[in-house]
1. Largest first and in whole Å, give the semi-axes of region 211-312's equivalent ellipsoid, each being the square root of 5 times a Cα gyration tensor eigenvalue.
2. What order, most packed first, do the peptides 111-123, 67-79, 147-159, 331-343 have when packing is the mean number of other Cβ atoms within 10 Å of each residue?
3. Can you give me the angle between helix 95-104 and the longest principal axis of the chain, using Cα atoms only, in degrees from 0 to 90, rounded to the nearest 10?
4. As I understand it, the value is the acute angle between the Cα axis of helix 215-225 and the longest principal axis of the Cα atoms of the chain; what does it come to in degrees, rounded to 10?
5. Need one number: % antiparallel among DSSP beta bridges in region 201-359, to the nearest 5.
6. Rg (Å, one decimal) plus Dmax (Å, integer) for the alpha carbons of the chain?
7. Could you work out [θ]222 nm for the chain from helices alone, using -39500 (n - 2.57) per DSSP H run of at least four and dividing by all its residues? Round to the nearest 500 deg cm²/dmol.
8. Quick one: angle between helix 130-146 and the longest Cα principal axis of the chain, in degrees between 0 and 90, rounded to 10, please.
């Protein structure tokens, strides 16, 4: 077989074994047998990395660390040593470094995997003052627009980005963040803090933890449900918000039914999946603020893959999809009737028609490979 296309996938804050970067895009390229895959990313807690993909744990700093400013330089040096023919970046912070690489290695193809609307994220949940967030958001969007002449393709993680990010329209492919089956160990330590019984109902809030993802609203719901049902709650995932992490730790001390498995660095995805498998209900309490209102929470796919009923924020696109499969109890997390929700949890039958085939990564994999193969005339 002809030589494989040397490929580099890079992120600043995502671990090298990130769900999308490694499990989905990286493995899909590797298994096609056309691409030699390298991944640059954050340090990971996972001790068993995939041996046939070269993973470079290049970064290990906090969100607001000064070292983060120099990450693009380190990335560029690594890229020049690897010399990829295909360079896929997954964050706006690497755009300028990728453009420099393209100018130095003119035959290289640049691809931008857009996982978030970074302008809206910065403006609506940036964590800075409003003027500073607006200036930073505008700067990000200007860089994204001006760099379009250097990029061969854009991969969009959400349908809504096709209209929100007009600069990518002429050369983009939508590759949704659907569920990719992963191998996990059967041993699970979830819900270990409070002894579980067959009569207890185990709730899980999993994935990225942020106030706009409704973690505080989820705890308030669980607190009300514990007065009506024998309920335990596990929160597992990553947060970069130290203030929020401190508040959650205080709540864990206050509430005996609450267990945290939370860190400032990402939890290995197989560990999250193990916990989902043992839960009874999943929580999707995202607040439909402008930065995420058009997005589809990945945790919905993950919960549906294991036929876990969902306590769902009533936002039309999410509710409409889940209603087709009787997979969720939809309500407003800001105004809810706990007694009604508890009754629904006990009496309703979920997934009466099974689960849909369109929640899986395989359908997106085909689109991804086709779009990238075309860049090299394959």
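1. Values: eigenvalues 73, 63, 47 Å².
The equivalent ellipsoid of region 211-312 has semi-axes of 19, 18, 15 Å.
2. Working: 111-123: 21.9, 67-79: 16.5, 147-159: 18.4, 331-343: 14.7.
In descending order of packing, they fall as 111-123, 147-159, 67-79, 331-343.
3. 20
4. Value to nearest ten degrees: 20.
5. So the antiparallel bridges amount to about 5 percent of the total.
6. Spelled out, the Cα radius of gyration and Dmax of the chain are 21.1, 65 Å.
7. Values: 13 runs with 130 residues, N = 378.
-10000 deg cm²/dmol, from helical runs alone.
8. The angle comes out near 40 degrees.
Read-outs: derived from the displayed coordinates by stated rules, not from any lab. A quick note: this is a predicted structure, and the numbers were derived from the prediction, not measured. Please note: Cβ atoms are built from the backbone with ideal geometry, for glycine as well, and neighbour counts cover all protein chains shown.
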